[in-house]
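The block underneath contains the structure these notes are about, expressed in structure tokens.
Throughout, read-outs are computed from the coordinates displayed, never taken from laboratory work. This structure is a prediction, so every number in the text was calculated from the model and none was measured. Heads up, the Cβs are rebuilt from the backbone with ideal geometry, glycines too, and the neighbour counts pull from every protein chain shown.
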Amino acid sequence: MSANRRRHANAIPIASFVTWALIGIFAGGGGLAYVWCKNQLYTTGSEIKSLERELVDLKNKNEVAESKIAQLSSTAKLQERYDTGFIKLVPITNDHITVLSNSTAAPNTGELRPVSNEKSVSSERIHE
Amino acid sequence: MNHTAQKRALFSCFALAGCFTVFSARLIDLQVTKHDEYAKIALEIHGTRQTKPAQRGRIMDIHGESLAQNEPVRTVVADATLINDHAEMATLLSTALGIPHAQVMEKLSRTVYSQALKKEMPSPYIVLKKEVPVNVTSDLSAKLAERKMRGIAFETASTRVYPNEHMLCHVLGYVNGRNEGVDGVERTMDQFLRGHDGFRYSERDRTGKEIFVYRGQERDARNGNNVRLTIDMGLQNIVEMEMDAAIKQFHPKSATVILMQPKTGEILALSNRPNYNPNVQEGVPEDHRRDRAVTDGVEPGSTFKIVTTTAALTEKIVRADTMINCENGYFASFHLHDHHPYPDLSVHDILVHSSNIGAAKLGIQLGDQRFYDYVRRFGFGERTGVNLPGEVSGIVHPLHAWSKYSITRIPMGQEVEATPLQIVTAMSAIANGGHLMMPQIIHDITDEQGHVIAKFPAQEIRQVASKAATDAVRDALVDVVSPKGTAALAHVVGYKVAGKTGTAQKYDEKTHLPSHERYTVSFVGFMPADDPAFACLVLVDEAQVSHDKNYGGMVAAPVFSRIAEKAARYLGLKPTVEEPMGSVMVHNDYRDQ
């Protein structure tokens with residue numbers, strides 16, 4: 001066998017080697033990516049669960065607070081506080097209530113007057 | 001390769017192939033043939049269906065004040081398959097939840113038969129305690145985590161809370177352990193208040209933790225709708241305070257007050273005694289739960305004379321000034337007495353003096369059929385249709401069951417039974433010019449976002465009387481609340497009040513005769529008389545007062561007066577009657593029959 005022929009027979013098949021190496025890298029990389037994705041799913045799932053739990057806790061706290069507020073601001077509770085003197089209110093007696101008449105329009109301008117003083121109008125007319 | 005080596009290689013190949021064939025067969029057996037069986041076992045062990053509980057809707061008053069709402073609580077549940085040391089767990093739980101140690105041990109040692117495994121196994125679902133406050137479960141959860149103990153779960157639930165406790169209890173009602181309405185508006189509006197639970201399918205690992213990636217089908221809960229009542233808590237509070245004062249003063253067996261808007265039929269306030277706290281279900285007598293305003297019929301007594309008079313005036317048989325012979329106090333043909341002898345009274349004065357003989361004669365003039373028709377037209381003998389449970393129709397005997405005395409007894413409010421709500425509804429028809437309105441307790445229903453999904457507008461049932469007749473009756477009722485009438489104590493300074501007293505003797509079961517000691521007294525009126533803002537009924541059953549004071553004009557009328565005065569201020573009603581400061585009403589006779 002000639003030297004040239006021997007050299008040719010022992011040549012490394014680079015193309016094939018690269019092909020298999022690439023297949024190996026892709027297969028290994030794919031496997032690793034799968035594991036990484038799976039791991040991410042679990043991690044994200046745990047985070048979502050934790051956030052869900054936090055949200056439920058917050059909702060519950062909010063509801064408890066709302067319930068407490070409703071109880072403390074209920075008519076029955078306010079009355080109880082008034083009865084025990086916690087809220088100081090003085091009842092308005094009838095002689096301290098003034099009922100205003102409906103607003104009337106001024107005769108000349110048509111402007112609305114919340115208070116009309118008929119007496120002064122009459123006195124003006126007398127002077128005229 | 002020689003022959004022996006070839007044989008060995010062939011044998012090895014066959015052995016290997018046989019091995020793989022066996023493995024493959026087993027794999028097919030597990031994955032295909034017995035798939036369903038093993039999937040069922042796996043699902044039983046690891047799969048769960050979590051319920052996402054829906055929130056029950058709120059009940060509010062007309063101004064949005066919360067009257068019934070939810071408070072989150074937890075149901076503590078144990079999975080005995082995951083608990084290693086029952087005794088240690090029982091010690092921890094009994095301390096935290098306040099349950100006896102032996103009871104927890106008994107619960108944790110429960111077993112169930114597993115159909116899949118074909119054997120007894122520790123129960124995976126044991127309810128230890130319901131309605132545990134959230135703060136208690138938070139502490140317990142922290143302790144469990146600290147000691148690395150597992151097998152305890154906390155299910156989200158909610159409990160119904162009534163912030164005003166006893167107030168308005170009969171209208172609101174209450175719910176049972178499954179959050180279903182049992183009484184009151186909670187019951188009648190249950191289909192709107194109740195939401196729809198959601199769910200989530202998921203799987204758990206062997207430690208009981210949810211495997212997020214295996215979450216399956218999921219549906220969110222749909223919360224219930226909110227119900228807004230026509231009740232005004234400001235007015236309800238006034239009524240409750242005056243009821244308490246009346247109960248303290250008269251110690252009656254029961255009492256009812258209803259405040260109604262006569263033009264629309266909206267119930268503004270409703271209160272009964274005895275009452276109860278809907279937050280505490282244990283130990284409440286059934287008798288206290290009854291909403292007497294709709295479930296109890298009473299003999300209306302003289303308040304029923306408004307029906308007789310209105311009917312006679314509408315039919316134009318008489319005018320308000322027509323004189324009726326009142327037989328000087330004794331109508332011999334029908335064995336009928338007046339409390340005071342009157343020779344002749346106008347139709348107007350028959351109401352003012354509450355003459356039984358006068359009312360009976362009006363009934364006779366109307367005749368059985370016509371009078372019966374008017375009684376029914378005013379809504380007696382049929383349910384009003386209010387959205388409250390347990391309403392009765394009252395009793396109005398059919399014409400063929402009437403005796404010869406019935407036409408003289410029914411016009412004065414005997415031989416009939418009416419609910420307090422029917423009485424105030426009839427009076428509202430007088431107040432609004434003859435329109436019988438359907439009583440309303442629900443204003444509207446809104447969803448979670450506040451969008452109105454149902455409204456309950458005012459509903460006229462029928463025109464029951466002419467405007468002229470109701471005006472004439474109203475004028476007479478104004479005089480009833482005057483010094484010459486039977487209800488001077490119902491007067492409210494600054495306002496024109498119209499109303500009618502009623503005093504009904506109760507039936508004595510021992511003597512089978514009307515009792516002279518037990519009375520149902522009432523006052524039903526409206527204010528201001530010319531443009532009524534509200535109609536109010538005060539009904540007191542068996543007030544503990546002396547015989548000579550047990551009249552509607554002396555027991556119920558003053559309660560009406562106090563309620564009406566405060567209600568007028570609350571509603572900002574403008575006084576229409578000028579009265580001298582410090583004027584004192586003089587009353588001469590509060591008695592009626």
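Details
- Computed lengthening from B:Arg178 to B:Asn328, 0.36 nm per intervening residue step minus Cα-Cα distance: 47.6 nm
- The range B:37-90: C-alpha gyration tensor shape, a/c 1.5 cut-off, then a/b vs b/c: oblate
- As a proxy for reagent exposure, B:Ile442, A:Ile87 were ordered by neighbouring Cβ count within 10 angstrom, fewest first; the result is A:Ile87, B:Ile442.
- On the basis of the beta-carbon distance and an R0 of 22 Å, A:Ser73 and B:Asn277 show a calculated FRET efficiency of 0.75.
- Size of charge dipole - the range B:51-129 - debye, nearest 20, with Cβ of Lys, Arg +1 and Asp, Glu -1, no other charges: 320 debye
- Sorted ascending by nearby beta carbons within 10 Å, beginning with the fewest, A:Ile14, A:Ile69 become A:Ile14, A:Ile69.
- Point-charge dipole on Cβ atoms (K/R +1, D/E -1) for chain B, about Cα centre, debye to 20: 2460 debye
- Chain B - Kirkwood radius from inverse mean 1/r over Cα pairs (Å): 28.5 Å
- The protein assembly as shown - charge dipole about Cα centre, Lys and Arg +1 at Cβ, Asp and Glu -1, debye rounded to 20: 4320 debye
- Computed over the protein assembly as shown, Kirkwood Rh from alpha-carbon pairs, angstrom: 32.1 Å
- From the alpha carbon centroid of the range B:42-117 to that of the range A:4-72 is 35 Å.
- Taking other Cβ atoms within 10 Å as a rough exposure proxy, B:Tyr342, B:Tyr38, B:Tyr519 sort from fewest to most as B:Tyr38, B:Tyr342, B:Tyr519.
- Förster radius 45 Å - calculated FRET efficiency between A:Trp36 and B:Ala9 (Cβ-Cβ, nearest 0.05): 0.60
- Taking GluC sites (Glu not before Pro) as exposed when their DSSP state is a loop state and no more than 10 other Cβ atoms lie within 10 Å, the longest site-free interval of chain B runs over B:1-281.
- Positive-end residue, chain B charge dipole about Cα centroid, Cβ charges, pick of B:Gln115, B:Gln365, B:Leu345: B:Gln115
- For the range B:161-232, the residue among B:Gly208, B:Gly195, B:Asn226 whose Cα projects farthest onto the positive side of the dipole built from Cβ charges is B:Gly208.
- Reducing the range B:188-244 and the range B:419-482 to their Cα centroids gives an inter-centroid distance of 34 Å.
- Counting only other chain Cβ atoms within 10 Å of each residue's Cβ, the peptide A:73-84 averages 4.
- Anchor B:Lys484: lysines whose Cα lies under 23 Å away (excluding residues fewer than 8 positions away in-chain): B:Lys305, B:Lys361, B:Lys496, B:Lys500, B:Lys549
- Once the chain from B:Thr91 to B:Asp321 is taken as fully extended at 0.36 nm per residue, the excess over their C-alpha distance is 74.3 nm.
- Eligible lysines near B:Lys40 by straight Cα distance, threshold 21 Å, same-chain separation 8 or greater: B:Lys118, B:Lys119, B:Lys209
- The protein assembly as shown, helix-only ellipticity at 222 nm - DSSP H runs n ≥ 4, -39,500 (n - 2.57), divided by all residues, nearest 500: -12000 deg cm²/dmol
- Under 16 Å of direct C-alpha separation, and excluding same-chain neighbours fewer than eight residues apart, A:Lys59 reaches these lysines: A:Lys49, A:Lys68, B:Lys52.
- Considering only B:Leu313, B:Gly553, B:Phe20, and ranking their Cα positions along the charge dipole of chain B that arises from unit charges at the beta-carbon of Lys, Arg, Asp and Glu, the one farthest toward the positive end is B:Phe20.
- Loop trypsin sites (Lys or Arg not before Pro), the range B:157-237, which have at most 15 other Cβ atoms in a 10 Å radius of their Cβ (DSSP): B:Arg178, B:Arg206, B:Lys209
- Extension gain, B:Ile364 back to B:Ile41 (0.36 nm per residue minus Cα-Cα distance, nm): 108.0 nm
- With a Förster radius of 30 Å applied to the beta-carbon distance between B:Thr81 and B:His196, the computed FRET efficiency rounds to 0.45.
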